[in-house]
1. Scan THR174, THR209, THR183, THR197 and give me the residue that is within 27 Å of ALA34 (Cβ to Cβ), out of contact with any helix residue (DSSP H, G or I) (no Cβ under 8 Å at 6 or more places or on another chain), of a type in the set (Val, Ile, Thr) and open to solvent by 20 Å² or more (accessible area, probe 1.4 Å).
2. Any residue at all in region 67-78 that's polar (S, T, N, Q), in a strand (DSSP E or B) and either modelled with pLDDT under 95 or surrounded by 11 or more Cβ atoms within 10 Å (Cβ to Cβ) (or both)?
3. Hey, any hits in region 161-168 for a residue that's aliphatic (A, V, I, L, M) and surrounded by fewer than 16 Cβ atoms within 10 Å (Cβ to Cβ)?
4. Which of the residues that make up region 1-45 are of a type in the set (S, T, N, Q), free of Cβ contacts under 8 Å to residues at least 60 places away in the same chain and either in contact with a helix residue (DSSP H, G or I) (Cβ under 8 Å, 6 or more places away or on another chain) or over 17 Å from THR174 (Cα atoms) (or both)?
5. Would you pick out the residues in region 193-229 that are among the aliphatic types (A, V, I, L, M) and in contact (Cβ under 8 Å) with a residue 40 or more places away in the chain?
6. If you check GLN190 against the conditions, is it in a loop (DSSP other than H, G, I, E, B), touching a residue at least 12 places away in the same chain (Cβ under 8 Å) and either of a type in the set (A, V, I, L, M) or within 22 Å of THR90 (Cβ to Cβ) (or both)?
7. With open to solvent by less than 30 Å² (accessible area, probe 1.4 Å) and either modelled with pLDDT under 95 or over 21 Å from the mean Cα position of the chain (by Cα) (or both) as the only criterion, which of ILE41, ILE6 stands out?
8. When you go through (1) under 19 Å from THR149 (Cβ atoms); (2) of a type outside the set (Gly, Ala, Ser); (3) open to solvent by less than 80 Å² (accessible area, probe 1.4 Å) one by one for ARG52, which number turns out not to apply?
Amino acid sequence: MKLEDIRINPDLDLEALTTRYAKERFVQIPGFFAPETADAIEAVLRTQTPWRLIYADPDKGIEQITREQAAQYGQAEMQRRMSLVMQRATRNYGYCYNGYQMSHARRDGTEPGHPLHAVTDFLNSRAYLDFGAKVIGETGITGVDAQATLFTNGSFLTRHIDEGSQNERRAAYTLSFCRNWQTDWGGQLQFIDQQTTDVTSAWIPRWNTLTLFDGRRVHAVSPVSAFAGDGRYSIVGWLRDD
């Protein structure tokens, strides 16, 4: 199928989803797309996405490295960089995963014709924006960020909140494309008590599932285990009011 034909599952109970989000500031929506749409997006993520290694650098901010650049740096330099990433992570700061900045690519005209551009367009369509605005009980949603992510063995995202520089982020979203993910594989979306730092709830990545949640709650993605049997494929971002 063509990804230009993306539609939201018309059988979703919008009122029930809105009620749950209002109560819990969190909702998971399985079967968000038609099965053939989810299959097509997964195929693009697995086989056609130009992934970059993304991690936090204290001097440069967000660092993004292509496979070609990593090869040019060499094994010793990459090990040095990853050692610094891990040192910062022990102080509860940082992230390391593979990503593709869908919104930036669409805006800048890079990778022209890439199938994920159609997904970016859908996520910024009135159909998706109005659906999300209804569920989270907000008005004035103007657009979304979109980033494809691939968490592999050892990838992580330490605890944080998502307010944005001008408090423009109204809710976070994750579109998950993980088949048969196992609890022991890690990669869980965790919500964390701000005072005790206990994990109050944790959710494994699932197939064809949209998760919406209040990003001002402290949350993290637990490290993907060394024995995870697959990558954690998803598309993530924020519903924004700019």
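1. When all the criteria are applied, what remains is THR174.
2. no
3. Checking region 161-168: at least one residue is aliphatic (A, V, I, L, M) and surrounded by fewer than 16 Cβ atoms within 10 Å (Cβ to Cβ).
4. THR19, THR37
5. LEU210, LEU212, VAL218, ALA220, VAL221, VAL224, ALA226, ALA228
6. no
7. ILE6
8. Among (1) under 19 Å from THR149 (Cβ atoms); (2) of a type outside the set (Gly, Ala, Ser); (3) open to solvent by less than 80 Å² (accessible area, probe 1.4 Å), ARG52 violates only (3).
The values are calculated or read from the model by the stated rules, or taken from the named source; none is laboratory data. What you see is a predicted model; the values in this text were computed from it and never measured. A quick note on method: Cβ atoms are made from the backbone with ideal geometry, for glycine too, and the neighbour counts reach across all protein chains shown. To get the accessible areas, we keep the full protein, side chains included, count just its heavy atoms, and leave off ligands, DNA and RNA. Shrake-Rupley method; radii C 1.70, N 1.55, O 1.52, S 1.80 Å.
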